There are 2 protein chains.
Amino acid sequence: MKRSTIKDVASRLGVNPSTVSRALKDHPDIGLALREEIKRVAAEMRYVPNQMAVQLRQRQRHLVGLVIPEMTMFFYPSVIRGIEEVLEPRGYQLVMLPSNESPVREAQNLKFCGENQLAGVLISFTRHTLPADGLSLLSDLDMPVVVFDKSLPELPFDSVILEDEDAARRATQFLIDSGCKRIGGLFGSPNLLITQKRLQGFRKALEKSDLPFVESLVRFAGNAAEADLCVREMMDLDDAPDAVFMMSDEIVMGAYPAILRSGVNIPRDCSVICISDGFIPGCYYPGISYLHHDGAGIGREAALRLVSLIESDQSAVLPLHRMVNAELVELESTNRTVKGE
Amino acid sequence: MKRSTIKDVASRLGVNPSTVSRALKDHPDIGLALREEIKRVAAEMRYVPNQMAVQLRQRQRHLVGLVIPEMTMFFYPSVIRGIEEVLEPRGYQLVMLPSNESPVREAQNLKFCGENQLAGVLISFTRHTLPADGLSLLSDLDMPVVVFDKSLPELPFDSVILEDEDAARRATQFLIDSGCKRIGGLFGSPNLLITQKRLQGFRKALEKSDLPFVESLVRFAGNAAEADLCVREMMDLDDAPDAVFMMSDEIVMGAYPAILRSGVNIPRDCSVICISDGFIPGCYYPGISYLHHDGAGIGREAALRLVSLIESDQSAVLPLHRMVNAELVELESTNRTVKGE
DNA sequence: ATCCATTGCGCAATCGTTTGCGGTTGATAA
DNA sequence: TTATCAACCGCAAACGATTGCGCAATGGAT
């Protein structure tokens with residue numbers, strides 16, 4: 001059963017396709033009686049407009065590409081929620097384009113966006129994308145782009161990112177303020193700009209308080225399993241840390257249980273703080289204080305910026321870089337000895 | 001700078017658009033010399049085919065709609081990974097259509113799929129979708145559909161779901177076998193078919209061992225926060241449970257820390273088992289044994305089935321219902337007293 | 001020299017909609 | 001009675017690509 005077109009409806013009623021088209025969108029040129037009749041028949045024939053044809057005429061489609069390094073349970077789901085919140089009421093749909101941490105795939109994804117003339121692109125880069133490559137990819141694209149979270153240095157495109165350095169600095173300072181002396185740091189992939197910035201913030205906080213930056217207490221883990229390993233090694237050290245800064249949820253989920261497993265009590269023997277969306281820290285007991293990295297908020301901001309780019313149709317203005325501040329959320333149980341111990 | 005069309009390329013070379021079209025796809029009708037020349041110029045003019053036009057002619061687009069109840073960090077990210085694994089090499093792209101647990105939005109999403117003639121649809125229903133509504137929505141759609149995970153009873157469409165009842169039964173049996181007598185159950189939204197089935201499995205396991213089904217030990221929680229509340233109440237009971245079955249990751253993340261917070265020791269005072277994708281249980285210490293609910297596997301199966309439907313172009317054959325078995329994964333730390341306690 | 005088969009390219013229709021413009025009506029005003 | 005003007009609707013050209021068919025030129029075979 002082929003789907004009926006506007007012509008089918010028209011010929012069934014002995015009118016012109018253009019009349020049907022106008023009637024269905026309540027164009028005043030069409031008489032009220034005929035208009036209703038057409039609508040009735042169209043509904044009866046279960047006519048639905050072919051969007052490919054519509055879009056060809058209208059030369060635009062309401063699709064936004066979302067290019068992300070990987071579809072993980074961390075961070076991106078909430079970013080997507082934020083994006084959807086903005087896009088849905090405006091009639092845009094999101095096309096998922098995960099790159100699986102492969103720059104090659106990322107390039108393909110971007111190419112897809114170009115060929116299919118999506119309305120715009122939201123992108124977070126893979127950990128292996130070189131700044132030069134990212135730049136040329138986006139430049140070739142010739143459509144509205146907003147970079148979020150995993151950005152690259154000095155990109156002439158709009159971006160929405162966290163105040164990474166500041167967040168890490170304040171997190172570390174929090175540990176220092178609560179009296180910790182030997183502070184370890186667990187970071188993500190060292191290629192990432194956010195890792196570098198957070199490391200920088202971590203280091204600065206230590207420096208400011210004249211605490212040593214101990215190499216053996218600073219580790220990089222690409223995922224939760226690696227974070228687990230890092231913790232084992234770290235906690236086996238003679239001079240194990242009395243506090244650990246964890247730069248992300250993924251690190252937390254690997255490292256937190258690993259600390260407990262190594263026989264160290266949180267928070268009595270070792271304090272923990274992290275940068276997080278806020279959900280994960282509440283899923284542990286004792287809870288974890290954190291600098292709030294608002295995924296949904298970043299998604300919203302990025303999407304808002306993108307639609308304004310799309311709808312204002314300007315591309316070559318000077319890029320806007322939005323730095324989102326992180327808020328400290330302090331869980332009371334973090335810095336107290338736990339009941340019964 | 002408008003993008004150049006096939007006509008632009010043609011007129012630049014003084015040839016017909018059809019010649020350009022053929023040359024670019026290496027049609028033998030076009031002489032080799034001209035063919036190369038055309039390719040050169042096309043590349044130089046940065047010509048990219050307009051997919052809307054192509055798709056209009058070809059009357060198909062390689063987009064697959066993914067309609068899910070909500071974009072959460074639980075389960076769906078891994079499902080999406082599984083789906084992408086299958087779809088990407090076959091040239092399909094995924095369009096995200098989260099329904100935010102609203103049947104209205106779900107209907108809109110499905111309508112979008114129809115109007116945009118996507119190649120097919122993968123759907124997991126909201127917790128509020130009525131069986132009759134779901135049925136009529138999909139029937140109206142008139143395109144390949146595969147339902148996964150959150151299905152509805154007696155749907156005449158292909159589906160890929162977990163052997164829910166069996167998984168819950170075996171999980172509960174595991175608790176019974178390890179000597180637990182007062183077994184509590186934490187379930188998700190009671191509307192869901194998977195909840196009903198898992199509850200059924202839970203109940204059957206108890207019955208088989210002549211253990212009582214205690215109403216006060218069986219609770220339903222729509223999310224992690226509610227699970228937290230349920231646990232508080234449950235653990236305050238005079239006859240608190242000595243084991244808890246949790247039907248999902250989300251329940252675990254709310255309930256597990258809540259148990260600890262109530263001063264109960266896991267696993268000494270209370271054993272825990274759950275149905276899970278496998279990542280979350282490893283993020284706790286002590287770890288949690290679980291029945292493996294393979295999200296990526298389900299995504300793969302569903303996507304495979306969908307592409308076979310799409311490419312064989314058959315719709316009215318009898319529906320295939322694939323039931324995926326869950327595998328028991330036993331963590332050693334679960335049933336032992338923890339070191340140092 | 002005639003015929004036939006290639007080779008190489010252009011013509012024009014087509015996909016399903018939208019939309020500027022023009023052409024009929026019938027009614028109203030002059 | 002005739003000019004005017006709505007109100008209504010149809011014609012046909014787009015949008016950008018694909019493709020069956022036709023047709024000219026070429027070359028080889030007869």
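Values quoted throughout were computed directly from the atomic coordinates according to the rules given, and no laboratory measurement underlies them. Computed from a predicted model, the values in this text were never measured in an experiment. Here Cβ is always computed from backbone atoms with ideal geometry, including for glycine, and neighbour counts include all displayed protein chains.
Couple of notes before you dig in:
- Cβ charges +1 (Lys, Arg) and -1 (Asp, Glu), total dipole of the range B:89-136, debye: 120
- Between this copy and the others, label points of A:Val329 are 2.7 nm apart in ascending order, each placed 7 angstrom from Cα in the Cβ direction.
- Estimated FRET transfer efficiency (A:Lys111, B:Asp239; beta-carbon r; R0 60 Å; 0.05): 0.45
- Listed residues A:His128, A:Ala42, A:Asn116: farthest to the positive end of the dipole of the range A:1-136 (Cβ charges): A:Ala42
- Exam field: A:Leu32 pseudo-label spacings to other copies (7 Å along Cα-Cβ), nanometres: 7.2
- Under a Gaussian network description of chain B, with springs only between Cα atoms under 10 Å, the residue in B:Gln55, B:Gln117, B:Gln200 that fluctuates furthest is B:Gln55.
- Per the axis that maps chain A onto chain B, nearest residue of A (Cβ criterion) and its distance in Å: A:Met73, 2
- A simple charge model with +1 on the Cβ of Lys and Arg, -1 on the Cβ of Asp and Glu and nothing else charged puts the dipole of the range B:114-206 at about 860 debye relative to its Cα centre.
- For the range A:175-324, the pair-distance distribution built from all alpha carbon pairs, in bins 5 Å wide starting at 0, is 2, 9, 18, 20, 18, 12, 7, 6, 5, 3, 2, 0, 0 percent.
- Sites A:Met45 and B:Arg40, calculated FRET efficiency, Cβ-Cβ separation with R0 45 Å, nearest 0.05: 0.40
- For the range A:99-213, radius of gyration divided by Kirkwood radius, i.e. Rg to Rh on alpha-carbons: 1.12
- Inter-copy label distances for B:Met45: 3.8 nm (label point placed 7 Å from Cα along Cα→Cβ; shortest first).
- Taking all C-alpha pairs of the range A:227-306, those more than 19 Å from each other amount to 38 percent.
- Stokes-Einstein diffusion coefficient of chain A, Kirkwood radius over Cα pairs, 10 °C, 1.306 mPa s, in µm²/s: 70
- Annotation: the residues A:Leu291, A:Leu34, B:Leu304, sorted from fewest to most other C-beta atoms within 10 Å of their own C-beta, follow the order A:Leu34, B:Leu304, A:Leu291.
- Viscosity 1.567 mPa s, temperature 4 °C, Stokes-Einstein D of the range A:24-156 from Kirkwood C-alpha radius, µm²/s: 76
- The range A:199-291, relative contact order [Cα under 8 Å, separation at least 6], %: 23
- Calculated from the alpha-carbon coordinates, the protein assembly as shown shows an Rg and a Dmax of 28.1, 90 Å respectively.
- Cβ-based exposure ranking for B:His293, A:His62, in which fewest neighbours within 10 Å come first: A:His62, B:His293
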